[in-house]
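Step one of this worksheet: look at the structure below.
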Amino acid sequence: MDASKDVDVISRETVFQGYFRVDRYRLRHRTFAGGWSRELVREVFERGHAVVVLLYDPERDEVALIEQFRPGAYAAGWHPWLIECVAGIIEAGEHPDDVARRETREEAGADPEAMVHVGDFLLTAGGSSESCRLYCARIDSRAIHGVHGLESEGEDIRTHVVSTAEALAMVRDGRINNAMAVLALQWLVLEKDRVRRELAR
């Protein structure tokens, strides 16, 4: 979609550049009434775009999840070790499919045997440009165990293999509270019969 006719960017400047970047926009946009909004000043967190991979064993109806420390959860006052799906940032020039395979190897020690593209999602569009491409990948859950991650990136990632039913119970009781993991698991429950056919060997 081309929004260039409906959004007037007056200026954009980078106000912070560290591990991530923050840009300040001055803009206005067309309103539903047909005019233009007043000038808005908004900071946008430029985190980059990511892939998320739900690792699923259709033969055993099990999922492989990862657990790692998250500074954002700590800053929010939540328990900072979150149970999540495999995920990673898409670097310039990379194809999301390749990132999904690489991150599955790095974070779970496995190679996806097949992948289904589930969809593309915005996480916090009110203040960040980040999007996530979600995949469901077939794996052999018997091969997944231990601690993984790149030492050079400070990663310390523990793997968990549970039944789909147990993963959904973890969503219900709050043990899984990462938004993309919740979305992925609820999607799997709704689409499981189709996914098992598509990922069948």
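Every number in this text was worked out from the coordinates using simple rules, so none of it is lab data. Predicted model, so just to flag it, every value in this text is computed and none were measured. Backbone-built Cβ (ideal geometry, glycine too); neighbour counts: all protein chains shown.
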Karplus-derived 3J(HN,Hα) from phi for region 18-29 (6.51 cos²θ - 1.76 cosθ + 1.60, θ = phi - 60°), whole Hz, x at Gly and Pro, runs x, 4, 10, 10, 10, 10, 9, 9, 10, 8, 9, 9
Between the modelled labels at GLU198 and TRP36 (7 Å from Cα along Cα→Cβ) the distance in nm is 4.3
Calc'd 3J(HN,Hα), region 184-190, phi into Karplus 6.51 cos²θ - 1.76 cosθ + 1.60 (θ = phi - 60°), Hz, glycine/Pro = x, comes to 5, 6, 5, 4, 4, 4, 6
Note to self, the chain gives a 222 nm [θ] from helices alone (DSSP H runs n ≥ 4, -39500 (n - 2.57) apiece, / all residues, nearest 500) of -7500 deg cm²/dmol
If each part is reduced to its alpha-carbon centroid, region 5-35 and region 123-201 end up apart, in Å, by 33
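Specify the longest stretch of the chain that does not include any exposed loop site, a site being one of the chymotrypsin sites (Phe, Trp or Tyr not before Pro) with a non-H, G, I, E, B DSSP assignment and at most 11 other Cβ atoms within 10 Å. Please list the in-between numbers first.
Working: sites that count: TYR19, PHE32.
It runs 33-201.
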If every Lys and Arg gets +1 and every Asp and Glu gets -1 at its Cβ, then about the Cα centre the chain yields a dipole, in debye to the nearest 20, of 740
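Scan region 9-87 for GluC sites (Glu not before Pro) in coil per DSSP, keeping those whose Cβ has at most 16 other Cβ atoms within 10 Å, and list them by number.
Numbers: sites: GLU13, GLU39, GLU43, GLU46, GLU59, GLU62, GLU67, GLU84; in loops: GLU39, GLU59.
Answer by residue number: GLU39, GLU59.
Give a quick list of trypsin sites (Lys or Arg not before Pro) in region 1-56 that DSSP marks as loop, anything other than H, G, I, E or B, with at most 15 other Cβ atoms within 10 Å. Could you put the intermediate results ahead of the total?
On the way: sites: LYS5, ARG12, ARG21, ARG24, ARG26, ARG28, ARG30, ARG38, ARG42, ARG47; in loops: LYS5, ARG38, ARG47.
Those that pass, being in a loop and sparsely packed, are LYS5, ARG38.
Evaluate Rg over Rh across region 7-46, taking Cα atoms for both radii and Kirkwood's formula for Rh.
Values: Rg = 12.2 Å, Rh = 11.0 Å.
Radius of gyration over Kirkwood radius for region 7-46 works out to 1.11.
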When the charge dipole of region 94-201 is computed with +1 at the Cβ of Lys and Arg and -1 at the Cβ of Asp and Glu, the Cα pointing farthest to the positive end, of ALA165, HIS95, SER152, is that of ALA165
For the chain, percent of DSSP beta bridges that are antiparallel (nearest 5) comes out at 85
